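The values are calculated or read from the model by the stated rules, or taken from the named source; none is laboratory data. The shown structure was predicted, so the numbers you read here are calculated from the model rather than taken from an experiment. Positions of Cβ are generated from backbone atoms using ideal geometry, with glycine treated the same way; all protein chains shown enter the neighbour counts. The area values use the complete protein model at the heavy-atom level, side chains included, leaving out ligands, DNA and RNA. Shrake-Rupley method; radii C 1.70, N 1.55, O 1.52, S 1.80 Å.
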Amino acid sequence: MKFKEIKNNIFYCGLNDCEREIFDELIPLEHGTSYNSYLVKGSEKVAIIDTMYPPKTEEYLKNLDENGVDRIDYIIANHGEQDHSGSIPALLKKYPDAVVVTNAKVKDNIKEMLLVDEEKIKVINNNEELSLGDKTLRFIIAPGVHWPDTMFTYFVEDNIICTCDFLGAHYTFEDIFADDSKELEHSAKRYYAEIMMPFRTMCKKYTQMLKDLKPEMILPSHGPVYKNPEFILDLYADWSADEGKNLVTMPYVSMYGSTESMIDYMKEKLEAKGISVHKFDIVRGDLGDLAMDLVDATTIVLGSSMVLTGPHPAAFNIAYLAGILRPKAKIATFVGSYGWGGNLFGKLSEQLSGLKLDVIEPLLVKGKPKEEDYKKLDEIAEQIYEKHKALNLI
Ligand code: FEO
């Protein structure tokens, strides 16, 4: 594969992984992913920004050979996670004079995870610069988007920035440049939901920093290069904002249909009040879709059947996931049905306790909901409506 030039001796040398179906063994990928690596040829030195996912190392090295890369002076490691740092040992073997340039936290990680010899690592500090001759690399340490070791590399003369995982997308491509399409936006949002949402405050901070910097291009570690940085920066500004949308997400699991009938009833009532509702079948649905709803939703209504004496494990898993993804939701409640007893909501609300949600009194029914239960569902729907109104969402 011939490397494509992004601009002025900056080349894309990463790889697509079209076959990959799931990332972090958690959220399904709709378009595979790419592991981006960038080759920068200065007048005096050659640097490579990030490397490759270990199973792709052989293909990566072969491409470097085919493109005549016979010298690398610096391997810039923006992040220690192995989908980007994994080929550092192989690169050091192939280019024995190369030095890994990175921050102290990445150094610790690659020493432990990849057994990189610390003699081969040069540690830099925030805003330190490295000259390649006619090009200068500036390192911006950006902890929290998404690992504590995350760093950006800025090409000073070209006004181009590599943002590591931040602003990426699990997306494969022929052209390396983003087409700013709805399809890419969808992939970037799924990616944000799983990888960046837990660090929403830091995302806000670095989105603004990049807006102020006004780079000509943004080069992330997954997905295409943004020639129009405002496309992804505006999306991140929206996703990371404190205010949610007028949206209720309703993940549910229902063994005999009673819980689902309550979810359906509430959905109809809320929609009639002008609130958007996304119902989500936990067992059959795609977790990525739910994660995307959590980016925007102001309210979570979690429905579960009782299994033995507690919530259905699938509902428990969703409560746990929502707890660690740390969405911006402000309101929650639970509905569910049981056969012979138990504590349905205790363990679910415990998982969400870190989100500091305003929890509306939940509804638990034995078997099918009756007339009085529907009245209670009306009351819950009314409370959600009032709370959305108070937040100026309606
Ligand atoms: Fe794509 Fe945090 O690695």
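Scoring Tyr256 on the criteria (1) touching a strand residue (DSSP E or B) at 6+ places or on another chain (Cβ under 8 Å); (2) open to solvent by less than 60 Å² (accessible area, probe 1.4 Å); (3) in contact (Cβ under 8 Å) with a residue 60 or more places away in the chain leaves a single failure, condition (2). Each residue in region 215-253 was checked for being among the aliphatic types (A, V, I, L, M) and either within 20 Å of the chain's Cα centre (by Cα) or open to solvent by 40 Å² or more (accessible area, probe 1.4 Å) (or both), and 8 of them qualify. Sort through Ile88, Ile76, Ile72 and tell me the only one that's within 15 Å of Ala47 (Cα to Cα), open to solvent by less than 40 Å² (accessible area, probe 1.4 Å) and away from the ligand (no atom under 16 Å from the Cβ). None of the other options fit; the residue is Ile72.
Residues in region 15-27: is at least one within 21 Å of Phe166 (Cβ to Cβ), within 16 Å of the ligand (Cβ to nearest atom), open to solvent by less than 40 Å² (accessible area, probe 1.4 Å) and touching a Lys or Arg at 6+ places or on another chain (Cβ under 6 Å)? For region 15-27, residues within 21 Å of Phe166 (Cβ to Cβ), within 16 Å of the ligand (Cβ to nearest atom), open to solvent by less than 40 Å² (accessible area, probe 1.4 Å) and touching a Lys or Arg at 6+ places or on another chain (Cβ under 6 Å): present. Listed by first and then second residue, the pairs linking a residue in region 228-243 that is without any contact (Cβ under 8 Å) to a residue 60 or more places away in the chain to a residue that is open to solvent by less than 20 Å² (accessible area, probe 1.4 Å), with Cβ atoms under 6 Å apart and 6 or more places separating them unless they lie on different chains, are Pro229/Pro215; Pro229/Ile218; Ala237/Thr207; Trp239/Tyr192; Trp239/Val295; Ser240/Cys203. Restricting to region 106-158, name every residue that is in contact with a strand residue (DSSP E or B) (Cβ under 8 Å, 6 or more places away or on another chain), away from the ligand (no atom under 15 Å from the Cβ) and assigned to a helix (DSSP H, G or I). Selection gives Lys107, Lys111, Lys120. For region 370-385, check the following and say yes or no: at least one residue is within 30 Å of Ile195 (Cα to Cα) and either of a type in the set (Ser, Thr, Tyr) or not assigned by TED's automatic domain parsing to the domain that holds His186 (or both). Yes, that holds for at least one residue. For Thr33, the conditions (1) over 21 Å from the mean Cα position of the chain (by Cα); (2) of a type in the set (Val, Ile, Thr); (3) within 15 Å of the ligand (Cβ to nearest atom) are fulfilled apart from (1). Evaluation of Cys162 against the conditions (1) crowded, with 20+ Cβ neighbours inside 10 Å; (2) more than 16 Å from the ligand (Cβ to nearest atom); (3) in contact (Cβ under 8 Å) with a residue 40 or more places away in the chain shows that the sole unmet condition is (2). The sole residue among Leu219, Leu210, Leu235 that is of a type outside the set (S, T, N, Q) and either within 16 Å of the ligand (Cβ to nearest atom) or within 21 Å of Leu357 (Cα to Cα) (or both) is Leu219. Out of Thr33, Thr102, one residue alone is among the polar types (S, T, N, Q), under 26 Å from Glu157 (Cα atoms) and buried (at least 17 other Cβ atoms within 10 Å of the Cβ). It is Thr102. Residues in region 338-358 that are touching a Lys or Arg at 6+ places or on another chain (Cβ under 8 Å), farther than 12 Å from Leu302 by Cβ and assigned to a loop (DSSP other than H, G, I, E, B): Gly339 only. Restricting Gly323, Gly310, Gly274 to residues that are surrounded by fewer than 19 Cβ atoms within 10 Å (Cβ to Cβ) and farther than 29 Å from Leu393 by Cβ narrows the list to Gly310. Evaluated against (1) on the phi < 0 side of the Ramachandran plot; (2) open to solvent by less than 10 Å² (accessible area, probe 1.4 Å); (3) in a loop (DSSP other than H, G, I, E, B), Asp175 falls short on exactly one condition, (2).
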